[in-house]
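In what follows, a structure is listed as structure tokens, so that the remarks can point back to it.
Bear in mind these aren't lab numbers, they're just calculated from the coordinates by the rules spelled out. Quick caveat, the model's predicted, so the values are computed rather than measured. Cβ atoms come from the backbone with ideal geometry, glycine included; neighbour counts cover every protein chain shown.
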Amino acid sequence: MKHTYCTNCRKETTYTLKKQGIRKVIKDKEYTFLITVAVCNECGEEISLPGLLDLNIKEIDSQYREKENLITIENINRLLKIYDIGKGPLALVLGFGEVTIKRYLDGQVPSLEYSNIMKKALFSPDYFYKKLQENKNKITPASYKKSQEAVNNLQELFVLSDKMRQVIAYLFKELNEVTPLMLQKLLYLIQGTSYALYDHPIFIEHSQAWVHGPVYP
């Protein structure tokens, strides 16, 4: 059991972490967020714990981004990693101000327009490569070369249409765990549903009949 000092009981007590709904108004719009609170097991009052405020800020930020369909800080860091590029060069390649990515990583919330640009770059190496070519004169030759090599490696590994990449990214975002077999089955069902409802495929790839069922090679 975890112990801390309860200012209401005025002694060391045990506590329990619980989720609690709070309402906040952001840009004239009201939201309900779930935050973590510590409750004294003796008196039932909330207790202040070190680091809990920082955790609540992160919880609110994450839920706000999800509600507004904005890119997460985790995915911005992923952009930097997969394209082997620095914060300043990435901002310039995407058409932002040089310090914009740094500000987003420090907690500033991006606009929906800029968020969508970063999401598209994350899900589509082809789109990122197009932006890289458009703005290559804004970054150093060394940064351009490193990022170009990263894009080339990604394109060789994932020869998929943008639409299939988006579908796969959505499945991984919405489901807790996706096995290779489950992914194959889901892609086949999604493609079949698109044919049934709209009379055309959702992505251009075609499955093959393998021993254990349909497979997208």
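So here's what we get for this one:
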| quantity | calculated |
| --- | --- |
| Whole-Hz ³J(HN,Hα) from phi, Karplus 6.51 cos²θ - 1.76 cosθ + 1.60, for the stretch 35-46, glycine and proline x | 10, 8, 10, 9, 10, 5, 6, 9, 9, x, 8, 5 |
| Distance in nm between pseudo-label sites at Glu134 and Leu181 (7 Å out along the Cβ direction from Cα) | 4.4 |
| Diffusion coefficient, µm² s⁻¹, Stokes-Einstein with Kirkwood Rh over alpha-carbon pairs of the chain at 20 °C and 1.002 mPa s | 102 |
| Computed helical MRE - 222 nm, the chain, DSSP H runs ≥ 4 contributing -39500 (n - 2.57), nearest 500 | -16000 deg cm²/dmol |
| The chain: angle of helix 73-82 to the longest principal axis, Cα-based, in degrees nearest 10 | 40 |
| Over the chain, relative contact order from alpha-carbon pairs under 8 Å, at least 6 apart, % | 11 |
| Pairs beyond 29 Å (Cα-Cα), from Lys131/Lys173; Lys29/Lys136; Lys2/Lys29; Lys102/Lys146; Lys18/Lys163 | Lys29/Lys136; Lys2/Lys29; Lys18/Lys163 |
| Relative contact order of the stretch 162-215, defined on C-alpha pairs under 8 angstrom at six or more residues apart (%) | 33 |
| Vicinal HN-Hα couplings computed from phi for the stretch 142-155 (Karplus, 6.51 cos²θ - 1.76 cosθ + 1.60; Hz; Gly/Pro x) | 5, 5, 4, 5, 4, 6, 4, 5, 5, 5, 4, 5, 5, 5 |
| Amide proton proximity set for Ile26, modelled H, under 5 Å, gap of 5+ | Tyr31 |
| Amide H contacts under 5 Å for Glu45, placed H, 5+ residues apart | Cys40 |
| Cα-based shape type of the stretch 142-217, given that a ≥ b ≥ c are square roots of the gyration tensor eigenvalues and the cut on a/c is 1.5 | prolate |
| Listed residues Leu132, Leu55, Leu112, most fluctuating in the chain (Gaussian network, C-alpha, under 10 Å) | Leu55 |
| Three-way shape label, the stretch 1-60, alpha-carbon gyration tensor, a/c 1.5 | prolate |
| Prolate/oblate/rounded call for the stretch 26-79, Cα gyration tensor, a/c under 1.5 rounded | oblate |
